[in-house]
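Enquirer: Quick one: structure below, then a few questions.
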Amino acid sequence: FEHKFHQNKLVPRKIHPKDESVVWGRFQLKNITDRDLDLWAHLSQFDGTLYQKTDSGNFKTQDGGELIPLTERTWKSFGSDHFNIYLKSGEEAQFYIYCKSQYPNSFPDSINISLNDRIKSEQKIQRSLNYFIGFAGIEFMMIIYVMALFVVFRDKNYLWLCLELIATIFYFSNHFQVAPYIFTAN
């Protein structure tokens, strides 16, 4: 379908609010280093499918994005809104990407793909997860302490404080992007 990726001369039509905000893109990567590259491609503000053309002419596909259920994503681990790209030294690969906007009625001006070293990205995600686990552990200890104070003093304000601490845990589970992995079935 390479012939479909050339710019056409048609006048752009107005986007109807019920239209899907979908963009197709094509890009090539060439590894000019002397080592193999194991990269993560992060696609911001899109759910998408990455098609990598193989030597045999077939396509290897990967699905990802925040709004795609975990069971349907290619990478089901923490941070699975990434696509894995592996290039051997000197290898050149061609990719096609199907992007659907995560926001209704928004059509993007461009597709932003950031490439990062996969191992460093995994370490960054693991650090973020460790911070959340430490924070949640401290919050749970505070909840137990406040509940003990409630038992001793019978003041209802301690119950309100417990609810606030629980709400804080839920808020930060979303902030550290842990909530989808806790509250969905794998």
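Enquirer: Could you grab me the full set of residues in segment 77-96 that are open to solvent by 20 Å² or more (accessible area, probe 1.4 Å) and at pLDDT 85 or above?
Expert: Tyr86, Lys88, Ser89, Gly90, Glu91, Glu92, Gln94
Enquirer: Right, here's the next one. Pick from segment 23-39 the residues that are open to solvent by less than 40 Å² (accessible area, probe 1.4 Å) and assigned to a strand (DSSP E or B): which of them is modelled with the lowest pLDDT?
Expert: Within segment 23-39, the match that is modelled with the lowest pLDDT is Val23.
Enquirer: Give the number of residues within segment 57-67 that are modelled with pLDDT under 85 and out of contact with any helix residue (DSSP H, G or I) (no Cβ under 7 Å at 6 or more places or on another chain).
Expert: The total comes to 5.
Enquirer: Would you please name the residue that is surrounded by the fewest Cβ atoms within 10 Å (Cβ to Cβ), looking only at residues in segment 114-159 that are outside any helix (DSSP H, G or I) and at negative phi?
Expert: My answer is Lys156.
The values are calculated or read from the model by the stated rules, or taken from the named source; none is laboratory data. Keep in mind the model is a prediction, meaning the values are calculated, not measured. No Cβ is skipped: glycine too gets one built from the backbone with ideal geometry, and neighbour counts run over all protein chains shown. Quick note on the areas: whole protein, heavy atoms, side chains included, nothing else; ligands and nucleic acids left out. Shrake-Rupley method; radii C 1.70, N 1.55, O 1.52, S 1.80 Å.
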